[in-house]
Amino acid sequence: MTETLRKTDNCFVCGAKNAAGLRAEFEVDLEKRSILGRFTPRPEHEGWEGVVHGGVLTALMDEAMVKLAAHLGMPAVSAEMTVKFKAPARPGEEVTIRGRIAGSRHRLVIAEAEVVRGAVVIAEVKGKLLRI
């Protein structure tokens, strides 16, 4: 696959101009090769009543891994993710998204991310990204 990935303000997760998007905010620490994001889910992000949909949490972690890889000069797309949900996230309660690059081989980038609320790990993912 030979393709150029272009940033857009319409990104579902972080796009500032996407009215239907999550509009999560992320900061990359190039020295630590890590990323930190913050997001406060709204009621429209529920799956079950009072519980944030797992797909929303997965999208946040996916964004953290891919965005970090791109900032580190490894533009990539998700190829595989293994997600573990450990506790519910609630609408109105801010969560933190943390991600890091665990390694890389050829065109494969190994990444990890998690969603936490304080000391509580809500969800975690191990992912393989394919460099573009």
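None of the figures in this text is laboratory data; all of them are computed from the coordinates on show. Quick caveat: nothing in here was measured; it's all calculated off a predicted structure. Methodologically, a virtual Cβ is constructed for each residue, glycine included, from the backbone with ideal geometry; neighbour enumeration extends over all protein chains shown.
Structure notes:
- Gain upon complete extension [Thr96, Lys128; 0.36 nm per residue less C-alpha separation]: 9.4 nm
- Gain on full stretching of the segment that runs from Ala79 to Arg105 - 0.36 nm per residue minus C-alpha separation: 8.0 nm
- Against the main long axis of the alpha-carbon atoms of the chain, helix 54-71 sits at an angle near 30°.
- Sparsely packed loop sites in region 24-126 (the GluC sites (Glu not before Pro) outside DSSP H, G, I, E and B with at most 15 other Cβ atoms within 10 Å) comprise Glu31, Glu49, Glu93, Glu94.
- Cα-only Debye scattering, region 23-77: base-10 log of I(q)/I(0) at q = 0.13, 0.18 Å⁻¹: -0.38, -0.64
- Separation of the alpha carbons by more than 18 angstrom is noted, of Lys7/Lys32; Lys84/Lys126; Lys7/Lys128; Lys84/Lys128, for Lys7/Lys32; Lys7/Lys128.
- Here the dipole of the chain is about 440 debye; that uses its Cα centre as origin and unit charges on the Cβ of Lys and Arg (positive) and Asp and Glu (negative).
- The chain, helix-only ellipticity at 222 nm - DSSP H runs n ≥ 4, -39,500 (n - 2.57), divided by all residues, nearest 500: -4500 deg cm²/dmol
- Quarter of the Cα convex hull surface for the chain, i.e. its orientation-mean projected area (nm²): 8.0
- Loop-located chymotrypsin sites (Phe, Trp or Tyr not before Pro) across region 33-129 with a Cβ neighbour count of 16 or fewer within 10 Å are Trp48, with loop assigned by DSSP.
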